[in-house]
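In what follows, a structure is listed as structure tokens, so that the remarks can point back to it.
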Amino acid sequence: MTETIRLGVNIDHVATLRNARGGVHPDPLTVAKAAVAAGADGITIHLREDRRHIRDEDAERIRAWNGAPVNLEMAATDEMTEIACRLKPHAVCIVPEKREEITTEGGLDVVRHRATLTLIIARLNAAGIRVSLFIDPEPAQVRASAEVGAAVVELHTGAYAHDKPGELEHLAAAARLTAELGLECHAGHGLTFANVGPVAALKQVRELNIGHYLIGEALLTGLPAAIREMRRLMLQARVR
Ligand code: PXP
């Protein structure tokens with residue numbers, strides 16, 4: 001029997017939209033609740049060093065709600081490790097972070113940062129947090145992830161999503177290797193309705209984390225209802 005696959009919904013861009021006006025709408029916690037009500041298995045948030053979307057109070061409120069497993073994406077820094085140890089999310093996914101990037105552009109270089117990652121993973125594990133490393137689908141990175149004590153790897157699907165030839169095969173081989181090494185395999189980045197199928201079909205992949213496309217698609221599916229409601233309220237106000 002094929003094991004089930006979970007969907008983690010990344011709500012960073014709800015915060016991006018909220019921050020564009022500096023107010024409180026749309027509220028990431030309210031959207032997290034709606035996502036879980038619609039079938040999301042977990043909520044993923046990335047607390048970036050520059051707090052460009054999710055902010056500390058969002059992370060606190062979403063964690064305090066306790067309505068779904070929270071996967072906290074973070075850079076391998078002391079500040080973030082301290083926050084994670086205090087918040088105690090269900091899981092932490094360590095990602096590389098560069099200030100100038102638009103989104104997480106490449107996987108973590110675990111081979112190069114073995115020593116730092118070993119220490120941070122040990123601190124997170126001691127706080128009872130399961131740690132995932134966001135890596136490119138390269139065998140050396142998968143092996144190094146097992147060596148530094150990660151329980152999970154999340155394979156970066158960005159190159160696959162950009163139609164790079166051979167990327168599905170790389171993902172499939174990396175997924176097989178994670179299972180051989182006893183790691184759980186997740187995947188994410190740039191996944192859409194059009195390209196999710198072949199990745200979801202990889203039997204070792206147990207979770208997909210998807211954000212930007214879902215939030216964009218939600219505009220198309222949700223805008224008609226929002227417009228109808230606004231028109232209804234406008235017309236109702238004119239009835240005397
Ligand atoms: N997984 C990780 C580790 C990420 O950094 C991101 C982007 O924040 C995603 C998944 C989701 O990517 P997308 O927003 O392109 O679906």
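The values are calculated or read from the model by the stated rules, or taken from the named source; none is laboratory data. Source: prediction; values computed, not measured. Positions of Cβ are generated from backbone atoms using ideal geometry, with glycine treated the same way; all protein chains shown enter the neighbour counts. Accessible surface is based on the protein model in full, side chains and every heavy atom, while ligands, DNA and RNA are left aside. Shrake-Rupley method; radii C 1.70, N 1.55, O 1.52, S 1.80 Å.
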Rounded to a whole %, the carbon-and-sulfur portion of the accessible area of the chain at a 1.4 Å probe is 58 percent
Computed over the chain: longest principal axis from alpha-carbon atoms vs helix 28-37 long axis, angle to nearest 10 degrees, is 80 degrees
Length gained if D109 through T192 is fully extended, taking 0.36 nm per residue and subtracting the Cα-Cα distance, is 27.3 nm
Computed over segment 1-128, the relative contact order (Cα-Cα under 8 Å, seq sep at least six) in percent reads 19 percent
Scoring the chain by relative contact order with C-alpha pairs under 8 Å, at least six apart, yields a percentage of 17 percent
quick shape note, segment 32-96: Cα extents on principal axes in Å, largest first -> 34, 22, 20
For segment 84-171, inverting the pair-averaged 1/r of distinct alpha-carbon atoms gives a Kirkwood value in Å of 13.6 Å
Regression test value, accessible area per residue of segment 1-59, probe 1.4 Å, units Å², expected 51 Å²
Given 219-226, 206-213, 194-201, 77-84, the highest-first ranking by average Cβ count within 10 Å works out to 206-213, 77-84, 194-201, 219-226
So for R0 = 30 Å, FRET eff. of R51-R123 from the Cβ-Cβ r, to 0.05, ends up at 0.85
Sequence order, segment 202-214: Karplus ³J(HN,Hα) from phi using 6.51 cos²θ - 1.76 cosθ + 1.60, θ = phi - 60°, Hz rounded, Gly and Pro as x, gives 6, 5, 7, 7, 9, 7, 10, 10, 9, x, 3, 5, 4
What one gets for the chain as the Kirkwood radius, inverse of mean 1/r over different Cα pairs in Å, is 18.7 Å
Per the Cα gyration tensor, segment 110-213 corresponds to an equivalent ellipsoid with semi-axes, largest first in Å, of 24, 14, 12
Summing -39500 (n - 2.57) over every DSSP H run of at least 4 residues in the chain and dividing by its residue count gives a helix-only mean residue ellipticity at 222 nm, to the nearest 500 deg cm²/dmol, of -14000 deg cm²/dmol
Straight-line reach check, K203, cutoff 15 Å on alpha carbons, 8 or more apart in-chain or any other chain, hits among aspartates and glutamates -> E3, E154, E169, E180, E184
Mean separation of Cα contacts under 8 Å (at least 6 apart) over the residue count of segment 111-240, i.e. the relative contact order in percent, is 19 percent
